[in-house]
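Student: Here it is, the structure, as structure tokens.
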Amino acid sequence: MRKITLLTFSIFSIYLFSSCIARNMTFGNGKDWIPADFDAKNTILLIETNDPMKQADKKMLAYMREKYPYRFECVSHKTIMDKEGKYADVSLYRYSLINTYYTINSMTFGRPSVGAQDFCFYDRSNGKKYPSTGKGSSGKVMTFKPVINTIVKNVK
């Protein structure tokens, strides 16, 4: 019983510690995945979330409200791809941050591959998908926080 309690405490501590790290972390490769003409001050960034929002999406929204000083809206992937309706003005809603998923081939935890959640910019005006950060993790929110920190740090 003592081993189970210790294991549970260890897992919880690692999760809590990694959450704190992600909160202040930035990625040094922002120039590789942030569009050169992205203007956070004069556009509204669309953030891809599930519809209806899941717990991770709600955490992302709360983080955006706390850390991102510019205008943004959380919308579904379908809404991002649709150029009609409320978000039809692609000059105002030009860029969106979309979730990407890829697998990393490794033998981590005895499994041949591990899934990674990552993010990339999508230019709605011309349908261009920019490279992802390349810093994905198994947790959507764990990747999202440094992505937003990096964007804010790189705003001109």
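Student: Yes or no: Y70 assigned to a loop (DSSP other than H, G, I, E, B), modelled with pLDDT of 95 or more, touching a Leu at 6+ places or on another chain (Cβ under 9 Å) and of a type in the set (S, T, Y)?
Tutor: Working: assigned to a loop (DSSP other than H, G, I, E, B): yes; modelled with pLDDT of 95 or more: yes; touching a Leu at 6+ places or on another chain (Cβ under 9 Å): yes; of a type in the set (S, T, Y): yes.
Yes.
Student: Hey, among T26, T43, which residue is among the polar types (S, T, N, Q), within 17 Å of the chain's Cα centre (by Cα) and outside any helix (DSSP H, G or I)?
Tutor: Just one listed residue meets the conditions, T26.
Student: Another question, then. Taking segment 124-156, which residues are of a type in the set (V, I, T) and in contact with a strand residue (DSSP E or B) (Cβ under 7 Å, 6 or more places away or on another chain)? It would help to see each step written out before you state the result.
Tutor: Going residue by residue through segment 124-156, those that are of a type in the set (V, I, T) are 133, 141, 143, 147-148, 150-152, 155.
Those that are of a type in the set (V, I, T) and in contact with a strand residue (DSSP E or B) (Cβ under 7 Å, 6 or more places away or on another chain): T133, T143, V147.
Student: Here is a further query. Select from segment 80-102 the residues that are farther than 25 Å from G134 by Cα and of a type outside the set (D, E) and list them in ascending order.
Tutor: K83, G85, K86, Y87, A88, V90, S91, L92
Student: For segment 131-143, check the following and say yes or no: at least one residue is part of a loop (DSSP other than H, G, I, E, B), surrounded by 17 or more Cβ atoms within 10 Å (Cβ to Cβ) and either hydroxyl-bearing (S, T, Y) or on the phi > 0 side of the Ramachandran plot (or both).
Tutor: Checked against the condition, which is being part of a loop (DSSP other than H, G, I, E, B), surrounded by 17 or more Cβ atoms within 10 Å (Cβ to Cβ) and either hydroxyl-bearing (S, T, Y) or on the phi > 0 side of the Ramachandran plot (or both), segment 131-143 yields at least one hit.
Student: Quick check: anything in segment 78-93 touching a residue at least 60 places away in the same chain (Cβ under 8 Å) and touching a Ser or Thr at 6+ places or on another chain (Cβ under 8 Å)?
Tutor: no
The values are calculated or read from the model by the stated rules, or taken from the named source; none is laboratory data. All values reported here derive from a predicted model rather than from experimental measurement. Cβ sites come from the backbone with ideal geometry, for glycine too, and all protein chains shown count toward neighbours.
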